[in-house]
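Worksheet: the structure to be examined is printed underneath.
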There are 2 protein chains.
Amino acid sequence: MKITVLSGGVGGARFLRGVHENLQSRPGEHSITAVVNVGDDMWLTGLRITPDLDSIMYTLAGVNDDVRGWGRVGESERVSAELKAYGVGWDWFTLGDLDIGTHLTRTSYLRAGMPLSEATAKISARWPLGVTLIPATDHEVETHVVTADVTMHFQEWWTCYRAALPALAFEYRGSESAVAAPGVLDAIASADIVLLAPSNPVVSIGPILAIPDIRAAVLSTSAPVVGVSPIIAGAVVRGMADACLSAIGVPTAADAVATHFGARSGGGVLDGWLIDESDAALAPILEAAGIATAVVPLWMRDLPLSSTLAGDALALAARLHGR
Amino acid sequence: MKITVLSGGVGGARFLRGVHENLQSRPGEHSITAVVNVGDDMWLTGLRITPDLDSIMYTLAGVNDDVRGWGRVGESERVSAELKAYGVGWDWFTLGDLDIGTHLTRTSYLRAGMPLSEATAKISARWPLGVTLIPATDHEVETHVVTADVTMHFQEWWTCYRAALPALAFEYRGSESAVAAPGVLDAIASADIVLLAPSNPVVSIGPILAIPDIRAAVLSTSAPVVGVSPIIAGAVVRGMADACLSAIGVPTAADAVATHFGARSGGGVLDGWLIDESDAALAPILEAAGIATAVVPLWMRDLPLSSTLAGDALALAARLHGR
């Protein structure tokens, strides 16, 4: 089975672990490709930082910090303390020492002229991830947030301001002229199943689908496209997606996010959608909108639950395949 | 008193501390400018490394590792271990975590378009060094070593091969078209005394003097130019300068190094030269060659001895001034 997952960082990483775990118990050959958001990426003190790619890599490699929820386990911040002493960088954005090892490696590859997708392949080859990671694009497409007073990089709005400055709009800078990284379009076109991880719809999945040829590939793939709601019972599972959704006029609700993505039959990207049992009442609305809906437990509290959720997503896709 | 010192790394740093210490006890206003070798500089995993500038800065700031002889005290190598695990960089060249903080800061400035001299001024402003550090040039003039089989960067020859591969020649790549960094020529022209630190004559002082306008400034300054021998009793004080000297056909001897630099009266750069008491017999030879010579204890075993040596250099310069 060939599975392609559009994914953001932490939530996507947990979901990908579930997909990988779930496939272990199934007979046959399987491959998983993650098409990863690059909208959070940025240059910081001369380093290229790719938070979502790294969150996924660290999680799949089992070297992530589960307690803190991001970065490497056993991390230290000796380099960051030096940068602070020299007065460079952003003092609200911590770069761990182990993490800097990754950023330096990536940066050296990029500075040598390697595209991000190739650098990512070389870097992630360090661990047997079981998932092929491809950045959505090799272009620098960074998400910026428009607020009443200033426009800033998404990371600044998210990490420094904790998404508390009302966002008026999100700009996926450069997305219109960007093209998919090598391997992305084929991974979507030739997949048996395309999944949308329960990542932030506005700043994780949104920037991926804003790249014209990726959106076109999702619209035209023969594979069923199934998404997992990042909203449960009207609240975000993690992060501050509500602050993002409200900026684009989408209510923080499992059905609203699905209809924001839209049914493929109506020009959108979704064939199916998974919502939590607490949102069961929304299923008929979604079905009426042309989106096949499964009502299942969405909380990925541990690996077995993540695997079960992945299985539910694959089951819905199989049902759609049969149509 | 305005003192300008041409300097390499570790030995130069120790000498500069001595100069600074010596001036503390003298009345009046004093300023010390170090014109620092950049021949050892290099790009490594996307970072710009400037070993001599850093050795001097750390030593003057009192944060150097005196036991190991280079780098920062209390250093760790967590980032380096990551780079190794990713398979990038040179595994024989260790980058400490604290040191990487400096390199990242410098690299971010350079990537933002700042010349090295300006980046150095901003970085060294962190500590009250008592000495103004200026790289000899803002151009990338790197020393390469020609051996029988290959030509390599000086750092590789020095650190990886421990200078054990016979060197046939040294190339100061780009020196001919390089120009002095802002402040260097004025520091030499307007100095009361120009000193050559007891640094490696071939790969520390040599690359500085290979920059045409710096050499011209030293040749034409009205200040006495006094050097300190890096050779004592036919042996190098530290490092492997003998392997460098033999490559250019200069014996490892205090008089040979001085005549290699040459007397200013004969088109060279030296007015005076300090040799160790164990080399006292060489003084007449040097005087006959037109180089005023002082016979003094040269070993900088501690700060008081370094200060005394600096005082001896200043005394010789004062004597030459009186001529």
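The values are calculated or read from the model by the stated rules, or taken from the named source; none is laboratory data. Everything numeric here is computed off the predicted structure, so don't read it as measured data. So basically every Cβ, Gly included, is an ideal-geometry build from the backbone, and we count neighbours across all protein chains shown. Heavy atoms of the whole protein, side chains included, go into the accessibility calculation; ligands, DNA and RNA do not. Shrake-Rupley method; radii C 1.70, N 1.55, O 1.52, S 1.80 Å.
In nm, what does the list of distances from A:Gly262 to its counterparts in the other copies look like, shortest first, when each label sits 7 Å along Cα to Cβ?
Here A:Gly262 shows inter-copy label distances of 7.8 nm.
Given R₀ = 56 Å, FRET efficiency for B:Arg68-A:Ser246 by Cβ-Cβ distance, to 0.05?
With a Förster radius of 56 Å, E is 0.50.
Give, as ranges by residue number, the residues of segment A:221-262 whose backbone N falls under 18 Å from the point 7 Å along Cα→Cβ of A:Ser190.
Label zone hits: A:221-224.
What are the lysines whose alpha-carbon lies under 28 Å from the alpha-carbon of B:Lys2, with same-chain residues fewer than 8 places away excluded?
Partners within reach: B:Lys122.
For the interface of chains B and A, what total accessible area is buried with a 1.4 Å probe, rounded to the nearest 100 Å²? List each step's numbers first, then the result.
Details: alone 13100 and 13080 Å², together 23750 Å².
Answer for the B-A pair: about 2400 Å² buried.
Per residue, how much accessible surface does the protein assembly as shown expose to a 1.4 Å probe? Answer in Å², no decimals.
Numbers: 23750 Å² over 646 residues.
The answer is 37 Å² per residue.
Just counting partner chain Cβ atoms within 10 Å, what average do the residues of peptide A:88-97 show around their Cβ?
Per residue, the number of nearby Cβ atoms from other chains is 3 on average.
Could you grab the relative contact order for chain B? Cα pairs under 8 Å, six or more apart, rounded to a whole percent.
Taking the mean separation of contacting Cα pairs over the length of chain B, I get 19 percent.
Just reorder B:Ile214, B:Ile248 by solvent-accessible area, largest first, 1.4 Å probe, all chains present.
My answer, sorted largest first, is B:Ile248, B:Ile214.
Over segment B:46-161, what percent of the accessible surface lies on carbon and sulfur atoms, probe 1.4 Å?
Details: 2100 of 4270 Å².
Answer for segment B:46-161 is 49 percent, counting heavy atoms of protein chains only.
For peptide A:101-114, compute the average count of partner chain beta-carbon atoms within 10 Å of each residue's beta-carbon.
Mean inter-chain Cβ contacts per residue within 10 Å come to 6.
How large a share of the accessible area of segment A:167-225, in percent, is made up of carbon and sulfur atoms when the probe is 1.4 Å and the other protein chains stay in place?
Solvent-exposed carbon and sulfur of segment A:167-225 make up 57 percent of the total.
Using a 1.4 Å probe and ignoring any ligands, DNA or RNA, find the accessible area of A:Trp158 and quote it in Å² to the nearest 10.
50
Take chain A, connect every pair of alpha-carbon atoms lying under 10 Å apart with a spring to form a Gaussian network, then pick out the residue of A:Gly174, A:Gly89, A:Gly113 with the largest mean-square fluctuation.
Checking each option, the largest mean-square fluctuation is seen for A:Gly113.
Shielding by partners for A:119-125, please: the mean number of other protein chain Cβ atoms within 10 Å of each residue's Cβ.
1
Of all DSSP beta bridges located in segment B:176-323, what percent are antiparallel, nearest 5?
So the antiparallel bridges amount to about 15 percent of the total.
I want to verify a result. In a Gaussian network model of chain B, Cα cutoff 10 Å, which of these has the top mean-square fluctuation: B:Gly206, B:Gly272, B:Gly74?
Greatest mean-square fluctuation among the candidates belongs to B:Gly74.
Can you compute the helix-only [θ] at 222 nm over the protein assembly as shown? Use -39500 (n - 2.57) per DSSP H run of at least 4 residues, normalise by all residues, nearest 500 deg cm²/dmol.
Values: 24 runs with 237 residues, N = 646.
Taken over the protein assembly as shown, the calculation gives -10500 deg cm²/dmol.
Along each of the three principal axes of the Cα atoms of the protein assembly as shown, give the extent in whole Å, ordering the values from largest to smallest.
104, 53, 39
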